[in-house]
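Presented below is the structure to which this report refers.
Coordinate-derived values only; no laboratory data. Everything numeric in this text was worked out from a predicted model, so none of it was measured. For neighbour counting, all protein chains shown are included, and Cβ atoms are generated from backbone atoms with ideal geometry for every residue, glycine included.
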Amino acid sequence: MSSPRSARANSPLQVQTSITPSTHQLINCTANALYFGCRSAKQDEHYASEWATHSERQELVYRVAYSRDGKEGDARQYVQDRIREDAPRVWQRLQEGAWVFISGSANKMPKAVKDTLVDVVEKQGGYDRLRAIDYVNEMARNGRLLEECWS
């Protein structure tokens, strides 16, 4: 069961407000992307219909990873897997000044997502590893990489 905090952390209203604070709306903005991960669609994806509606209206790209809904023996799918699949688009958005919000469990997920962003910068941007790490660290220093994580 998910904590109430995790449900609040990615509520559509909260993300809408974060993305466009001046209008509190998402308007034809497929530059916005939500990479959402949870164990099970039925048990943990509290705002599925709202996110699907925003996606259908082309107000954001909605990419989801369910780590426990796969068939027995299949590799688990995590947010970082979706980011890796979308690496060219993620790199393009990063170059355009995209902000990245990491929200969820403070266990392994934040590091895994940041490591994947470093991989994207390295492979898509042609940076060496140290420069790619610096790029992601600079995003954090400039407020473009934000974390709201808890145990």
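Derived scalar couplings between HN and Hα for the stretch 43-54 equal 9, 10, 8, 5, 10, 4, 5, 5, 5, 4, 4, 4 Hz in order, rounded to whole Hz, by the Karplus curve 6.51 cos²θ - 1.76 cosθ + 1.60 (θ = phi - 60°), x for Gly and Pro. Of the peptides 45-54, 78-87, the ranking by mean beta-carbon count within 10 Å, highest at the top, reads 78-87, 45-54.
Look at the alpha carbon pairs under 8 Å that are at least 6 residues apart: their mean separation over the length of the stretch 78-151 gives a relative contact order of 42 percent.
Candidates Ala52, Gln92, Tyr62 compared by Cα position along the dipole of the stretch 32-151: farthest toward the positive end lies Gln92, with charges placed on Cβ. Under 17 Å of direct C-alpha separation, and excluding same-chain neighbours fewer than eight residues apart, Lys111 reaches these aspartates and glutamates: Asp81, Asp119, Glu122, Asp134, Glu138, Glu147, Glu148.
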